[in-house]
Amino acid sequence: MLFLQFTILSFVAVTATAVVLTRDPAKQAIGISFYGLVMALMFFIFQAPDVALSQIVIGAVALPLMILLALTKIRRHEDEQRAKHKEKKAA
Amino acid sequence: MKRRGRMIFFLLSAAAFAGVYLWGLRGLPAVGHYRGPYGDVLNRVATYERHVTDIVTAVNFDYRGFDTLGEEFILFMSVIGGSVLLRRQREEEKSEHRDDNLADESPERQAPEPSDATRVLTLALVGPLVVFGLYIVAHGQLTPGGGFQGGVILATAPLLVYLAGDLKKFKQITSHTLVEVGEAVGAGGYLAIGLAGLILGGSYLRNVAALGTTGTINSGGTIALISLATGLEVAAGFVLLLYAFLEQTLEIQLRGEK
């Protein structure tokens, strides 16, 4: 059991570092999804199955999704600004 | 120079943090050696006092039910805040669109059509997912889980519909008035159950309902009822949030489909 706990904890540490070291936010969202999954597994191994249940939905699905949606929104805004800028130049 | 100064500052604070952290770690009990009395006491008495088998849910919805009420309203307020914030921006962008019909349907933004495999798998999973979510909500007093866990599971069901590419259905489900009603009824229900305890039992959130037989779905008294209310509130709240976030993308995608 202790071996499992050590393994999962080091796995959490590795994936968390990987998420932090990823520079592109879109790739980071995918990374954080995997990290959420590993976290859920950790909660399960540490005998907190109810926390694992919510973690798997929030951490692996909801959070990355919201990051991705926020990103598309920001990018669309940037595109619009750029298009406006071009129009002004053309006029 | 500036970079070097920053580096020195970082190393100093990192060293200080590591010192305090290691010092703190030394005071922790060994893995699996729980010290406090409360967990042990509750483990012994909760099954007799409340007729439940999942002590965590009993703690959440009964022994410290008032704290959970606050937590639930944190979620409630953030959902409201999120949708209010996004709504204003949506109207702004709509008026912008009327002025100059900006084509934000640039080709690389268009999501590819989901493959048949994705479509079949996601749609086939919707039913089992809803059943599983309801099961987790209803069995909070018996097995790990409860209102919050089941609620978030339920909220992912419309997401599967979205993944399957059925945008119109997704919009129908998530923008339905019943979602908002569910959110309100769920949050208000928790309060009302607490008030019932105050009126019938003399203190807020007192477990006044019949406790039932331990191990059956009717056990736990108000614990099961609060779990249901929380499940409703959490599921509706997350669906509302999903819709608030996805709405703009959705409008554009639906326009593209036409």
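The values are calculated or read from the model by the stated rules, or taken from the named source; none is laboratory data. Not measured: the values here are computed from a predicted model. For neighbour counting, all protein chains shown are included, and Cβ atoms are generated from backbone atoms with ideal geometry for every residue, glycine included.
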Unique residue being over 30 Å from B:Gly215 (Cβ atoms), away from chain A (no Cβ under 14 Å) and at pLDDT 90 or above when the list is B:Phe17, B:Phe66
B:Phe17
Please go through (1) within 14 Å of chain A (Cβ to nearest Cβ); (2) under 19 Å from the mean Cα position of the chain (by Cα) for B:Leu142 and return the number of the only condition it doesn't satisfy.
(2)
Out of curiosity, is A:Leu68 surrounded by fewer than 15 Cβ atoms within 10 Å (Cβ to Cβ), touching a residue at least 12 places away in the same chain (Cβ under 8 Å) and within 12 Å of another protein chain (Cβ to nearest Cβ)?
no
Unmet requirement for B:Leu200, which otherwise passes all of (1) in a loop (DSSP other than H, G, I, E, B); (2) modelled with pLDDT of 90 or more; (3) not aromatic (Phe, Trp, Tyr)
(1)
Flagged in region B:128-152 as out of contact with any His (no Cβ under 7 Å at 6 or more places or on another chain) and not in a helix (DSSP H, G or I), in numbering order, are B:His139, B:Gly140, B:Gln141, B:Leu142, B:Thr143, B:Pro144, B:Gly146
Output for region B:45-67, where each listed residue is under 20 Å from B:Gly186 (Cα atoms) and buried (at least 22 other Cβ atoms within 10 Å of the Cβ)
B:Thr57, B:Ala58, B:Asn60, B:Phe61, B:Asp62, B:Gly65
What residue, of B:Leu12, B:Leu121, B:Leu86, B:Leu25, is surrounded by 11 or more Cβ atoms within 10 Å (Cβ to Cβ), part of a helix (DSSP H, G or I) and at pLDDT 90 or above?
B:Leu121
Extreme residue, surrounded by the fewest Cβ atoms within 10 Å (Cβ to Cβ), among residues of region B:190-218 that are small (Gly, Ala, Ser) and in contact (Cβ under 8 Å) with a residue 40 or more places away in the chain
B:Gly215
